[in-house]
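Everything on this sheet refers to the single structure shown next.
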Amino acid sequence: MRLIKEIHNLTGNYHVKSGLYHYHRGEFRQAEEFFCKALKDEESLAQADRGNARHYLTLALMDLATKLESGDDEEGAVEQLRKASEVSPNFPDIHFRLGCLLENLERATEAVEAYRRAIDAHPDYLEAQVALGFCLLRMERSKDSAEAFKQALAIKRERIEKPCRQALEMLGRGEVHEAADQFHEAFLTAPVLAEEYRKKAMEWLKAEEYAKALGEFDQALALSPKYPDMHNFRGVVLYELDRTDEAIDAFRTAAALSPQFLVPRLNLAFALIREEAYREAETELEAILELDPSNPAASSKLEELRTGRLPDKRRRVSRGNSR
C-alpha cells in the first residue's frame with residue numbers, strides 16, 4: 001500500500017520521513033538506513049510511524065533485490081530478500097521470490113524451504129504451490145511433488161468453483177451485474193499476467209509518468225479486479241493527475257477490499273478534502289483515529305478541518321497529466 005505524497009510530510013518521525021523521501025527517489029540503501037534508525041527505538045514510535053517504517057523498509061529491501069537481480073547479482077538479491085523476510089516474516093511474496101532466486105542458483109533444498117514458508121504465510125498461494133511441485137519434481141522427490149500438485153489443484157478448483165457458485169446464486173436473484181463480476185473472477189482473472197502489468201506500472205509511477213502508469217494499472221485490474229493494492233496505486237496515480245473524483249472511487253474500492261489496512265482510507269480522506277467534501281473527510285479521519293489514535297497524519301489533518309486552517313485548494317500540473 002502506498003500513501004499519496006502530501007501525507008508523507010505529516011509523518012511524525014524524522015527518520016521515517018527521510019526514509020520515505022529516499023524510497024520514492026529509488027535510493028533504497030539510503031531509505032534502508034533511515035528506516036533502520038527509526039526502528040532502533042521502535043517502542044517510542046507512534047503506531048503509524050512504526051507500521052510505515054517496517055512496511056517501507058520491507059519494500060526498499062525487496063526493490064533493491066529486484067535491482068540487484070536485474071544487474072546479475074543474484075547472490076546480493078538473495079541477501080536483501082533474506083533481510084526483508086526478517087523484517088516481515090509473514091509477507092509471502094518475499095519467500096516466493098526468494099525461492100525462485102534460489103532455484104536459479106541451483107540451491108533447490110533452500111528453495112523448497114522458501115516456498116514452504118510462502119505457503120505457511122498464505123495457504124492458498126497457488127503460484128508457490130506450483131513452484132514447489134516443480135522444484136520437488138526436478139529433485140526427483142516424486143511423492144512430495146505429487147502432494148504439492150494435489151494441493152495446487154484443490155486451490156485452483158476452488159478459485160473457479162467458489163465464484164461460480166456465488167454467480168449462479170446471484171443470477172437466481174436477478175443480480176446480473178454482480179454475477180458478471182463473479183464470472184469474471186472465475187474465468188478471466190490472470191494474476192501472473194496482472195503482475196507483469198503491475199511491475200511496468202510501478203516503473204512508470206517511480207518515473208512520475210502518471211498517465212503511462214495508469215494505463216498499466218488499468219490493464220492489470222482488468223485481469224485481477226479484486227487486488228486491493230492495485231486499486232490503491234491506481235488511486236494514487238489518478239490523484240497525481242488531478243482526477244480526484246476517480247481517485248476517490250479507487251481508494252473506496254481498495255478500502256472495501258482490504259478493511260484491515262488504513263492506508264487507502266487515509267488516502268481517501270485526503271482526496272475528499274481536496275474535493276472539499278469536508279464532512280465526509282472528517283468522518284473518515286475520525287474512524288481512522290479510532291483504530292489508530294496515534295496516527296500523526298490523521299490527527300493533524302483532522303485538527304486543520306476542525307479549526308478551519310486548511311490551505312487553499314490548488315490545481316497542480318503534474319508530469320504525465322493527460323487531461
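Taken together, the values in this text are just the output of simple stated rules run on the coordinates, not laboratory data. Please read all numbers here as calculations on a predicted model, not as lab measurements. Glycine gets a Cβ as well: all are built from the backbone with ideal geometry, and neighbour counts include every protein chain shown.
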Answer in debye to the nearest 20: the dipole magnitude of the chain about its Cα centre, from +1 Lys/Arg and -1 Asp/Glu charges placed on Cβ, is 420
Taking a ≥ b ≥ c as the square roots of the eigenvalues of the Cα gyration tensor, with a/c under 1.5 meaning rounded and otherwise prolate when a/b exceeds b/c and oblate if not, the range 5-125 is prolate
The Cα extents of the range 191-307 along the principal axes, largest first and rounded to whole Å, are 46, 26, 20
With Cα coordinates, the longest principal axis of the chain makes an angle with the long axis of helix 191-206, in degrees rounded to 10, of 40
From the Cα centre of the range 36-105 to that of the range 218-297, the distance in Å is 25
Expected vector for the range 209-216, Karplus 3J(HN,Hα) from phi with 6.51, -1.76, 1.60 and θ = phi - 60°, integer Hz, x for Gly and Pro, equals 9, 5, 5, 5, 4, 4, x, 5
Going residue by residue through the range 153-158, the Karplus relation 6.51 cos²θ - 1.76 cosθ + 1.60 with θ = phi - 60° gives ³J(HN,Hα) values, rounded to whole Hz and with x marking Gly or Pro, of 4, 5, 5, 5, 4, 5
Which residues qualify? For Leu241, with a placed amide H closer than 5 Å and at least 5 residues away or on another chain, they are none
So, with points 7 Å from each Cα along the Cβ direction, the Met139-Thr307 label distance in nm works out to 6.0
Taking a crude spin-label model, label points 7 Å out from Cα along the C-beta direction, the Arg279 to Gln260 distance in nm is 3.4
Taking a crude spin-label model, label points 7 Å out from Cα along the C-beta direction, the Glu147 to Ile160 distance in nm is 2.6
Classified through the alpha carbon gyration tensor (a ≥ b ≥ c as square roots of its eigenvalues; rounded if a/c is under 1.5, else prolate when a/b is larger than b/c, else oblate), the range 163-252 comes out oblate
Using alpha-carbon positions, the gyration tensor of the range 35-80 gives root eigenvalues a ≥ b ≥ c; with a/c under 1.5 called rounded, otherwise prolate if a/b exceeds b/c, else oblate, the class is prolate
Given unit charges at Cβ for Lys, Arg (+) and Asp, Glu (-), the dipole magnitude of the range 5-139 about its Cα centre in debye, nearest 20, is 320
Relative to the chain, whose Cα atoms define the longest principal axis, helix 296-307 and its Cα axis are tilted in degrees, nearest 10, by 30
Computed about the Cα centre, the charge dipole of the range 191-307 from +1 Lys/Arg and -1 Asp/Glu charges at the Cβ has a magnitude in debye, to the nearest 20, of 300
Note: probe point = Cα of Lys226 + 7 Å toward Cβ; backbone nitrogen < 19 Å; residues of the range 182-211 passing the test are 182-195
Reduced to Cα centres, the span from the range 106-122 to the range 197-211 in Å works out to 30
Longest principal axis of the chain (C-alpha) makes with the long axis of helix 278-291 (C-alpha) an angle, in degrees to the nearest 10, of 50
What helix-only [θ] at 222 nm does the chain give? Using -39500 (n - 2.57) per DSSP H run of at least 4, over all residues, to the nearest 500, the answer is -24500 deg cm²/dmol
Going through Lys37/Lys212; Lys17/Lys206; Lys40/Lys301; Lys156/Lys226; Lys83/Lys212 one by one, the pairs whose alpha carbons sit over 23 Å apart turn out to be Lys37/Lys212; Lys40/Lys301; Lys83/Lys212
Given the candidates Gln129, Leu193, Gly308, the one whose Cα lies deepest towards the positive end of the charge dipole of the chain, counting +1 at each Lys or Arg C-beta and -1 at each Asp or Glu C-beta, is Gly308
